[in-house]
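As structure tokens, the structure follows; a few thoughts come after it.
The values are calculated or read from the model by the stated rules, or taken from the named source; none is laboratory data. These numbers were taken from a predicted model, which means no experiment stands behind them. Cβ atoms come from the backbone with ideal geometry, glycine included; neighbour counts cover every protein chain shown. Note: accessible area is taken over every heavy atom of the protein model, side chains too, but ligands, DNA and RNA are not part of it. Shrake-Rupley method; radii C 1.70, N 1.55, O 1.52, S 1.80 Å.
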Amino acid sequence: MATSIVLIDDHKLFREGVKRILDFESSFKIVAEGDGGTAALDLIEKNKPDIVLMDINMPNMNGIEATREITSRYPDLKIIILSIHDDENYVIHALKMGARGFLLKEMDSDALIEAIKIVSGGGSYLHPKVTHHLVSEYRRLLKSAEANSLSFQMKEYRKPFHLLTRRECEILQLMANGNSNRGLAESLYISEKTVKNHVSNLLRKMKVNDRTQAVISAIKNGWVEVV
């Protein structure tokens, strides 16, 4: 069965663009669309979708408020936030309210499709630029903890050659730096298809479901440099 999607954004032109992208994927079906958080609640009740794609800045009830209300009513419903804002405060707040994904509106079509597939499969997805900002914030908190002599010991940086190939280690570092698949391909002078194969192998070896989990795990284990 196709993944059913409710699309919520107050800009009709943007909704039309998203619909055109998703129309090429037979595994997706947009069952309803609306222009605000209040409309989202009604459409979700009526259509029982698998995924909600929702903007943050909307009149009456914004995307963060709507996410909180939706997840309180439908805790298993998966929400992906769409935003022009890459500030980590927006991201953290959205995730705290129950969002499973956060995409910037500058995303390309491949990122949108990948995000929906990952989230519908039970994973989480953050836009690569957002991941980089969260990593930077994580680094700031670590420095703050050290400055205040808190009981936190940073892991010694070491590449996980016991688990990953040299190329996969390179890709893991670039992912932590916020590179998309296209950025990875350009940095390493390989095709995007090859990048996707490396990323799939990397996720399998690390026993994680998605890129976000891979980066978080790598930071915790000291496998990437956080700058």
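Between Leu134, Leu184, the distinction of being buried (at least 17 other Cβ atoms within 10 Å of the Cβ) and modelled with pLDDT under 80 belongs to Leu134 only. Just one residue in the set Val224, Val195, Val199, Val215 is closer than 18 Å to Thr131 by Cβ, of a type outside the set (S, T, N, Q), in a loop (DSSP other than H, G, I, E, B) and in contact with a Leu (Cβ under 9 Å, 6 or more places away or on another chain); that residue is Val224. Scanning the stretch 76-105 for residues that are assigned to a helix (DSSP H, G or I) and of a type in the set (S, T, N, Q) gives a single hit, Asn89. Filtering the stretch 4-19 to residues that are closer than 12 Å to Met54 by Cβ, touching a Pro at 6+ places or on another chain (Cβ under 7 Å) and open to solvent by 10 Å² or more (accessible area, probe 1.4 Å) leaves only Asp10.
For the stretch 61-86, filtered to residues that are of a type in the set (S, T, N, Q) and open to solvent by 10 Å² or more (accessible area, probe 1.4 Å), the residue that is nearest to the chain's Cα centre (by Cα) is Thr71.
Of all residues in the stretch 24-70, those satisfying the criterion of being farther than 19 Å from Val119 by Cβ and small (Gly, Ala, Ser) are Gly34, Gly36, Gly37, Ala39.
When Met58 is tested against the conditions (1) modelled with pLDDT under 90; (2) closer than 23 Å to Asn179 by Cα; (3) open to solvent by less than 60 Å² (accessible area, probe 1.4 Å), the lone failure is (2). In the stretch 108-124, the residues that are without any contact (Cβ under 8 Å) to a residue 40 or more places away in the chain reach residues that are open to solvent by less than 10 Å² (accessible area, probe 1.4 Å) with C-beta atoms within less than 8 angstrom, at least six apart or across chains, in these pairs: Ala115/Ile80; Ala115/Gly101; Ala115/Leu103. Of the listed requirements (1) touching a Gly at 6+ places or on another chain (Cβ under 6 Å); (2) closer than 12 Å to Ile70 by Cα; (3) among the hydrophobic types (A, V, I, L, M, F, W, C), Ile8 misses just one: (2).
Screening Tyr157 against (1) of a type in the set (Phe, Trp, Tyr); (2) buried (at least 17 other Cβ atoms within 10 Å of the Cβ); (3) modelled with pLDDT under 85 leaves a single unmet condition, (2).
Among the residues of the stretch 44-54, some residue qualifies, meaning at least one is touching a residue at least 40 places away in the same chain (Cβ under 8 Å), surrounded by fewer than 24 Cβ atoms within 10 Å (Cβ to Cβ) and basic (Lys, Arg).
Candidates in the stretch 20-40 are the residues that are charged (D, E, K, R) and either out of contact with any Leu (no Cβ under 7 Å at 6 or more places or on another chain) or assigned to a loop (DSSP other than H, G, I, E, B) (or both); of these, the one that is least open to solvent (accessible area, probe 1.4 Å) is Glu25.
Condition first: open to solvent by 10 Å² or more (accessible area, probe 1.4 Å) and not hydroxyl-bearing (Ser, Thr, Tyr). Now tell me which residues in the stretch 170-181 satisfy that.
Selection gives Glu170, Gln173, Leu174, Asn177, Gly178, Asn179, Asn181.
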